[in-house]
1. Please list 3J(HN,Hα) in residue order for region 340-352, calculated via the Karplus relation 6.51 cos²θ - 1.76 cosθ + 1.60 where θ = phi - 60°; whole Hz, with x for glycine and proline.
2. May I ask you to list the GluC sites (Glu not before Pro) in region 184-287 that are in a DSSP loop and have at most 16 other Cβ atoms within 10 Å of their Cβ?
3. Can you list the HN-Hα couplings for region 118-123, worked out from phi with the Karplus curve (6.51, -1.76, 1.60; θ = phi - 60°), rounded to whole Hz and with x for Gly and Pro?
4. Amide H of Ala123 versus every other amide H placed in the peptide plane: which residues, excluding those fewer than 5 positions away on the same chain, fall under 5 Å?
5. Which percent, nearest 5, of DSSP beta bridges in the chain are antiparallel?
6. Just the number, please: percent antiparallel of the DSSP beta bridges in region 262-404, rounded to the nearest 5.
7. Name the long-range amide H neighbours of Asn307: under 5 Å, sequence gap of 5 or more, or other chain; modelled H, no Pro or chain starts.
8. How far is the Cα center of region 75-121 from the Cα center of region 360-404, in Å?
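The values are calculated or read from the model by the stated rules, or taken from the named source; none is laboratory data. Only a predicted model underlies this, so the values are computations on that prediction, with no experimental measurement involved. Positions of Cβ are generated from backbone atoms using ideal geometry, with glycine treated the same way; all protein chains shown enter the neighbour counts. We work out accessible area using only protein heavy atoms, side chains counted, and drop any ligands, DNA or RNA first. Shrake-Rupley method; radii C 1.70, N 1.55, O 1.52, S 1.80 Å.
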Amino acid sequence: MKKMIAIVVCIAMSVALFAACAPATETPSAEASTEASVEASTEASTEASAEASEPAASGEKKTIGYYKDAADDYYKAGYEVFMECLKADPATADWEVIDKVGQGTSQEQLAAVEDFITAGVDAIVVVQNSPEITAECITKANDAGIPYFALTHAPTVPAGGELAGFIGYDFVKTGVMAGEDALNYNNGEGVKKLVMVEGKLGQGTASAQSLGFLQAYEAAGKDIGGTANDVAVNKTEGGADLQIVQWSSGDWMADPAKKVVADVITALGADGFDGMYVQNDEMMDGAIQALEEAGLNPADYWLGSSNGKEKSWKWAEEGRVTMDVNQTPALEGDALYQMLKAYFNGEEYRKYVSPYLTPYNSSNVTELTLVPYDATAYMTLRPDIVTDINDPKFEDAEALITFN
C-alpha cells in the first residue's frame with residue numbers, strides 16, 4: 001500500500017502540528033571577535049544571504065507581494081502550501097500576502113511588480129512569464145531595495161542585479177527520468193516511435209524536458225539522429241533507435257492535448273507510435289481520453305509524464321500511464337517560506353534550490369512515499385517527509401539561472 005494516501009485521507013487535518021517544524025539556522029556567536037564577525041558577515045553576503053536590501057527586524061509583521069503568471073493549478077498549489085506554512089508558524093502567522101494572478105502576459109508581470117513596489121512590500125515573489133521581463137522586474141525591485149524571489153521558472157538576472165532566492169525543479173533531470181524509463185519499455189527494447197507532446201513548443205521548461213529525455217537515449221548510445229541538443233532544439237525526426245513521429249504542443253492543458261493525440265491517432269493509426277511523452281498530468285488527462293475514445297488501450301503504449309499529481313498515482317496503479325515523476329509545487333511553497341523567514345531573521349540560507357524528484361511507474365507506485373499537491377494533505381504529511389532546504393535531497397540550482 002502507498003505509505004501516505006490512506007493516512008492522509010483518514011487523519012484529521014491539524015496545521016498546528018507543524019508549527020515547530022520550521023528549519024533553524026545557527027547565528028554567529030556574540031562573543032566572536034570583531035575580525036571573525038566581519039569575515040563571517042562577508043562570506044554570508046556572497047555565498048548565502050540575500051542582500052538586495054537590509055533585512056527588516058526579526059519578529060515584525062511583513063507584507064509579501066506574490067505574483068503568479070496564470071491561474072494554473074500548479075502555481076495555485078505552491079501558493080496554498082506557502083500560505084499554510086506561514087499560518088502554521090506563530091512567527092509568520094500575521095504576515096500579509098498581496099496575491100496577484102496574471103493571464104500569461106509579460107506586461108501583467110511587470111505591472112504587478114511595479115504595484116508591489118509602490119505598495120512598499122517587504123519582499124516580492126514572482127512565478128514569471130519570461131526571463132526577459134523578469135530581468136527588468138529584478139532591476140526595478142533592486143532599485144527599490146526590495147528582495148526579489150523567483151519561483152518555478154529559472155530567471156535571467158541582469159548584470160549587477162541581485163536575486164534573493166530561486167526555487168525550481170531541474171526539468172532536464174525530469175526528462176532524463178522519463179527517457180530512462182522509456183528505454184526499459186518492451187522488455188528493454190525501448191520506445192522506438194515517440195509522440196512528443198511539449199507544454200509549449202520552445203518554452204524553457206518544456207524544451208528542458210525534451211532535452212532530458214533525448215539525453216537519456218544519447219547516454220545509452222542510441223541513434224537519435226544527432227546530438228540530444230540538436231534534436232531538441234531543431235525538432236528533428238530522430239534516428240534509427242528513436243523516431244520522433246510527431247512534435248506537438250498541448251499548451252499544458254487537457255483539451256488541447258486531447259486534440260493533438262486524437263489527430264495523431266487519425267494521421268498515424270494505432271500502430272504509428274508506441275509511446276508518448278506528455279509533459280504534464282493535465283495534458284496526459286487529455287491524451288488518455290483521446291486514446292480511450294478511439295478504442296485504444298493506454299496500457300498498450302508507453303505513456304510518460306511529469307508533475308506526479310494524486311490522480312496520476314491512481315493512473316499508474318491501473319496501468320493507464322506507464323510512468324510519471326512526482327514534482328510537486330508543495331515543496332516549492334515550503335522552501336519559499338523557509339527562505340523568506342531566514343531572510344527576515346538575518347540568517348544564512350541556501351539561495352538557489354531544486355526540490356527533489358521521485359520517479360514512479362506502474363510497478364512501484366504503491367511502494368513509494370509521494371508528496372501530494374493538496375495543501376491540507378501536505379501539511380499532515382509534512383513531519384514525515386524531507387522539507388528542509390538544507391537537506392542534501394534539495395539540490396543546488398544556481399546552474400539553472402542565467403546571470404548576465
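1. Per residue, the Karplus-derived 3J(HN,Hα) values read 5, 5, 5, 4, 6, 8, x, 8, 6, 7, 6, 7, 10 Hz.
2. Filter output for region 184-287: Glu189, Glu237.
3. Listing the rounded values in order: 4, 6, x, 5, 8, 7 Hz.
4. Correct list: Thr63, Gly65.
5. Bridges in the chain are about 15 percent antiparallel.
6. 55 percent
7. Answer set, sorted by chain and number: Val325, Gln327.
8. Value for the Cα centre distance between the two parts: 22 Å.
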